[in-house]
Amino acid sequence: MMHTALHDNWICGPGGFFPFAHAGLFHLLLWAGALYLLYLLIRTLVAGPRAAASARNEKIDPLDILNRRYANGEIDRQEYRQRKEDLGL
């Protein structure tokens, strides 16, 4: 019983961390905000960068990918030109 009284006073009592936390609306907003932040964190970790790009409605340009692969040395000049021609560029 004593522990509960100390805990309540520290959280909600006068001079506590949330002195106006006795209002039910505050608790609701606090939990809603915390759950929303948790949702955003999990969505970001699970989705990855490709899903984030599609969520922003950004198109992934095949020429950008091809240029990046050529610049990184993953493909040679002949393959670069052939793939560029295949893309109709």
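Laboratory data are not the source of any read-out in this text; all were calculated from the coordinates shown. Small disclaimer: the values here were computed from a predicted structure and weren't measured. Positions of Cβ are backbone-derived with ideal geometry, glycine not excepted, and every protein chain shown enters the neighbour counts.
Could you work out the local net charge near Leu63, counting Lys and Arg as +1, Asp and Glu as -1, over the other residues with Cβ closer than 13 Å to its Cβ?
Working: positive: Lys59, Arg68, Arg69, Arg81, Arg83, Lys84; negative: Asp61, Asp64, Glu85, Asp86.
Neighbourhood net charge equals +2.
In this simple spin-label approximation, Arg77 and Ile60 carry label points 7 Å from Cα along the Cα→Cβ vector, and these lie 2.9 nm apart.
Grab the other residues whose beta carbon is less than 14 angstrom from that of Gln78, score K and R as +1, D and E as -1, and report the net. Charge balance in the 14 Å sphere: 0. A crude spin-label estimate for the pair Asp86 and Ala47, with each label 7 Å from Cα along the Cβ direction, gives 3.1 nm.
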